[in-house]
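Just below is one structure, and these are the notes that go with it.
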Amino acid sequence: MPTKSEFSISVATQDGLSIFTLAGVFDAAAGVAFEQQLVPLLAAGTPRLILDLAAVRYIASAGVGLLVSCNRRCAARGGVLVLARPSEPLREIFITLNLPTILAICNSLEMAKARAAG
């Protein structure tokens, strides 16, 4: 488990989709930055979000909780959240927690875009 909280986030809009590219350690401290980017998008209307997790090295329980919360909040607004390109360690965590039953998870960014577009 990483000892230092290193996290970066960038957001791009493409074809009506908001694509969050996350990198580093997704823990409680990273969650603050994530929420700051997320809240305005949720307030703006029907969110269609993709979280590109390819560069996330580790996800803490707080990060998992934020993913579940984000999914619930998007669905409540008629939107969708799709996770893209999780590493094998993240995928194992998601499977262990049975998250694929409630979260859309895609192996590629292209698949995630198609799923989020509806």
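The values are calculated or read from the model by the stated rules, or taken from the named source; none is laboratory data. Given the structure is predicted, the values throughout are model-derived calculations rather than measurements. Cβ coordinates were reconstructed from backbone atoms using ideal geometry, including for glycine residues, and neighbour counts include every protein chain displayed.
Here Lys113 clears all of (1) within 18 Å of Leu22 (Cα to Cα); (2) of a type outside the set (Gly, Ala, Ser); (3) free of Cβ contacts under 8 Å to residues at least 60 places away in the same chain except the condition numbered (3).
On the stretch given as the range 10-34, residues that are closer than 21 Å to Ala62 by Cβ and either assigned to a helix (DSSP H, G or I) or among the hydroxyl-bearing types (Ser, Thr, Tyr) (or both) total 9.
Residues that are at negative phi, crowded, with 16+ Cβ neighbours inside 10 Å, charged (D, E, K, R) and in contact with a strand residue (DSSP E or B) (Cβ under 9 Å, 6 or more places away or on another chain) occur in the range 67-83; there is at least one.
Out of curiosity, is Ile59 over 20 Å from Leu17 (Cα atoms), β-branched (Val, Ile, Thr) and surrounded by fewer than 22 Cβ atoms within 10 Å (Cβ to Cβ)? Full working, then the answer.
Values: over 20 Å from Leu17 (Cα atoms): yes; β-branched (Val, Ile, Thr): yes; surrounded by fewer than 22 Cβ atoms within 10 Å (Cβ to Cβ): no.
When the stated conditions are applied, Ile59 does not pass them.
Within the range 106-118, the presence of at least one residue that is surrounded by fewer than 21 Cβ atoms within 10 Å (Cβ to Cβ), within 13 Å of the chain's Cα centre (by Cα) and hydrophobic (A, V, I, L, M, F, W, C) is confirmed.
I need the full set of residues from the range 58-104 which are among the hydroxyl-bearing types (Ser, Thr, Tyr) and outside any helix (DSSP H, G or I), in order please. Break it down stepwise before answering.
Here is the first cut: in the range 58-104, the residues among the hydroxyl-bearing types (Ser, Thr, Tyr) are 58, 61, 69, 87, 96, 101.
Tyr58, Ser87, listed by residue number.
Between Arg85, Arg91, the distinction of being basic (Lys, Arg), at pLDDT 95 or above and under 20 Å from Gly118 (Cα atoms) belongs to Arg85 only.
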